[in-house]
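**Student:** The structure is given below, and queries will be raised subsequently.
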Amino acid sequence: MRRSLALALAVFLGGGEAANAGCAIGLIGSVNLSASATGAASTVSASITTSSGTLTYLTRIMVSGGGATAASVVNGTITGVVGAPLNFAVPVPAGATAGLTPVILDFSSCPLQGSTVNGTITVSVPSFGAGNTLADLTITGF
């Protein structure tokens, strides 16, 4: 009964898509969480944690900022979720005044579940490189 209810809800909320039937679409009474960090030629990290006795879910990551002296691709990391660590690429353009094309990872249709009750989900992005003047990281969840 529970599985068929979840499937029906997923189809209804997903516009006919049943693929997300096993995903936490949002828990009634859950509190939206967000965290943000900025830096310049340094690692930026942001973390979210829910209240006692619950799991944390990650719904969105956004990385933006400026370039660095030399172009590169840095590796962002997600920890504290099932299957962690998870990695994602952030292409950094050459030139400190060049704008980074924002990297947006949207898990809102199937949030990444925290690996433990009362656990913290952390997203980290290493330095964009020498000459970088701004790196922004924002994460959201519940």
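**Student:** In what sequence, highest mean first, do 54-66, 89-101 appear when ranked by Cβ atoms within 10 angstrom? Don't skip to the answer; put the middle values down first.
**Tutor:** Working: 54-66: 20.9, 89-101: 15.2.
Descending packing order for the listed peptides: 54-66, 89-101.
**Student:** Continuing with the same structure: Cα extents of the range 63-110 along the three principal axes, largest first, in whole Å?
**Tutor:** Computed over the Cα atoms, the extents are 36, 20, 11 Å.
**Student:** Bin by bin, in steps of 10 Å, what percent of the Cα pairs in the range 24-141 do you find, going until the bin that has the longest distance?
**Tutor:** With 10 Å bins starting at 0, P(r) equals 15, 45, 26, 12, 2.
Laboratory data are not the source of any read-out in this text; all were calculated from the coordinates shown. A quick note: this is a predicted structure, and the numbers were derived from the prediction, not measured. All Cβ positions, glycine included, derive from the backbone under ideal geometry; neighbour counts span all protein chains shown.
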